[in-house]
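Written out below as structure tokens is the structure these notes cover.
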Ligand SMILES: Cc1cc2nc3c(=O)[nH]c(=O)nc-3n(C[C@H](O)[C@H](O)[C@H](O)COP(=O)(O)O)c2cc1C
């Protein structure tokens, strides 16, 4: 095989995965260079998609007036969400920084268009959600490429889709999937903010793996990998 990854390339790939962070603070004023942003968008556009439907669009946003409207929506939704938990969890929740809409250089709304290439898309007849899953694959590509380019990215889902529809002129059939904030950052934290603040821990890999059937934790034929997973091999 002549297209194998070298050890250095593998190391770079895993570095992007393990050091990618959701970034809400640490944004600097430095604008993202156009060539870098183009490369990141190109990587997103090369994600897998059900039936090769490429059902995504990327709306690039710099306009401060749009950002302000989205930030207002965040504040409203954030306030609403805070009422769903009791103190001391509520105060803890309110102390978290959960967006970088105004501070980040570029905001990107990633959307899903179920109508691209007509109604018959291979792979969506039994599971129509496969279209949205494809958009999420593009978002992950975008996120990893951003990390490889040393650009921070934060996903904001505490925002009203109705506000996004209105502010971004989305037609009825277009679904906003993600609102992303991108920019240069002072640093990338080694661990997720929500882990560092003690909000939630990272689960052990061994606790999310089953063998052959739901909740089956033991199976003779999987013993080798079971031991490797338990030893935290990376
Ligand atoms: C679908 C989705 C929505 C998210 N929405 C928010 C959000 O509204 N605000 C926020 O601060 N982080 C948001 N995040 C980021 C997660 O909190 C973050 O990925 C998680 O805590 C793990 O941290 P890491 O991405 O740095 O590894 C979202 C992530 C995903 C995948």
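Of the residues 11, 16, 44, which is part of a helix (DSSP H, G or I) and under 21 Å from residue 170 (Cβ atoms)?
Residue meeting the stated conditions: 44.
Pairs please, first residue from region 207-234 and touching a residue at least 24 places away in the same chain (Cβ under 8 Å), second anywhere and part of a loop (DSSP other than H, G, I, E, B), Cβ atoms under 7 Å, 6+ apart in sequence or on different chains.
That search, which allows pairs on different chains as well, returns 229/209.
Select from region 95-115 the residues that are within 13 Å of the ligand (Cβ to nearest atom) and out of contact with any strand residue (DSSP E or B) (no Cβ under 6 Å at 6 or more places or on another chain) and write down the one among them that is farthest from residue 146 (Cα to Cα).
The extreme case among them is 95.
Scan region 47-68 residue by residue and report those that are surrounded by fewer than 18 Cβ atoms within 10 Å (Cβ to Cβ) and part of a helix (DSSP H, G or I).
51, 52, 64, 65, 66, 68
For residue 184, work out the one condition from (1) within 16 Å of the ligand (Cβ to nearest atom); (2) modelled with pLDDT of 95 or more it doesn't fulfil.
Residue 184 satisfies every listed condition except (1).
Could you tell me which residue of region 147-163 is nearest to residue 180 (Cα to Cα), considering only residues that are surrounded by 16 or more Cβ atoms within 10 Å (Cβ to Cβ) and away from the ligand (no atom under 13 Å from the Cβ)?
Top of the filtered list is 151.
Select, from 123, 118, the only residue that is more than 13 Å from the ligand (Cβ to nearest atom), modelled with pLDDT under 95 and out of contact with any helix residue (DSSP H, G or I) (no Cβ under 6 Å at 6 or more places or on another chain).
Values: 123 fails: out of contact with any helix residue (DSSP H, G or I) (no Cβ under 6 Å at 6 or more places or on another chain).
Just one listed residue meets the conditions, 118.
The values are calculated or read from the model by the stated rules, or taken from the named source; none is laboratory data. As the structure is a computational prediction, the values presented were derived from the model and not from experiment. Because the Cβ atoms are built from the backbone with ideal geometry, glycine has one as well, and the counts that use them run over all protein chains shown.
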